[in-house]
Ligand code: CA
């Protein structure tokens, strides 16, 4: 489920947006003030933000600035027709991903949904939620840790990606071996110990004493996030 955060103090516009987005299968959370929206953003999983500029408490661009300090979550600015030209100019320096001129016509929600879908296609990170610690570049098959690309063998990369995608779950050596091998699994599950050792080393190179991978005696390994 895609979570959309809507920040808009015009109830008519917001209700029309929520209606159209929920009909298209998105999950919406709507706030009328920047303060409430930021509080929600900081404590919840948000995939995309629709942000009005004229808000009752904080300027929408300030909301965007605070969001950008902590995340690259796509943000679409909602601007009123009369102010659109200024807003488009203002967008340049504010790292918004797109903007939409609010109109009362029935086409408006349809355009917004099309823009949301296009943005999500471009920006969806493979490893969600944990992207502050680990991120995965699908195209290059590279894992980054704390923003630095990890030097791993393909097998190590597969194991760590599996753990990152399923944090706080214990995997046996047998299961981790099946993650590396597409074909029949050999009996030498102790190779997993060697891989885990190398992965720990690679993580420690970037963050000294990092303890993300936990050994569960007699069971296997988990990644604690
Ligand atoms: Ca407004």
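FYI, it's all coordinate maths here, none of it is from the lab. Since we're looking at a predicted model, the values are computed, not measured. No Cβ is skipped: glycine too gets one built from the backbone with ideal geometry, and neighbour counts run over all protein chains shown.
Okay, here's what the table says:
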| item | result |
| --- | --- |
| Residue among 202, 114, 37 with the largest mean-square fluctuation in a Gaussian network model of the chain, springs linking Cα atoms under 10 Å | 114 |
| FRET efficiency, 1/(1 + (r/R0)^6) with R0 45 Å, evaluated for residue 12 and residue 193 via beta carbons | 0.15 |
| Ellipticity estimate at 222 nm from DSSP helix runs (n ≥ 4, -39,500 (n - 2.57)) divided over the chain, nearest 500 | -13000 deg cm²/dmol |
| Residues 102, 27, sorted so that the one with the fewest Cβ neighbours within 10 Å comes first | 27, 102 |
| Angstrom value of the Kirkwood radius, inverse mean 1/r, which spans all Cα pairs in region 127-223 | 13.6 Å |
| Added length on full extension, which subtracts the Cα-Cα distance from 0.36 nm per residue, residue 42 to residue 224 | 63.5 nm |
| Distance between region 151-165 and region 4-51 - C-alpha centres, whole angstrom | 35 Å |
| Residue with peak Gaussian network fluctuation, the chain [Cα springs, cutoff 10 Å], from 147, 34, 209 | 209 |
| Virtual spin-label span in nm between residue 166 and residue 215, 7 Å along Cα→Cβ | 2.1 nm |
| Extension gain, residue 206 back to residue 146 (0.36 nm per residue minus Cα-Cα distance, nm) | 20.8 nm |
| Listed residues 51, 160, 140, most fluctuating in the chain (Gaussian network, C-alpha, under 10 Å) | 140 |
| FRET efficiency estimate (nearest 0.05) - Cβ-Cβ, residue 139 to residue 175, R0 25 angstrom | 0.40 |
| Debye intensity ratio in log₁₀ form over the Cα atoms of the chain, taken at each q of 0.07 Å⁻¹ | -0.32 |
| Equivalent ellipsoid semi-axes, region 28-75, via Cα gyration tensor eigenvalues times 5, rooted, Å | 15, 12, 10 |
| Cα gyration tensor category, rounded, prolate or oblate, for region 3-123 with a/c compared to 1.5 | rounded |
| Length added when fully stretched, residue 19-residue 80, from 0.36 nm per residue minus Cα-Cα | 20.0 nm |
| Cβ-based exposure ranking for 79, 161, 153, in which fewest neighbours within 10 Å come first | 153, 161, 79 |
| Sequence-separation-based contact order of region 3-123, relative, with Cα cut under 8 Å and 6+ spacing, percent | 24 percent |
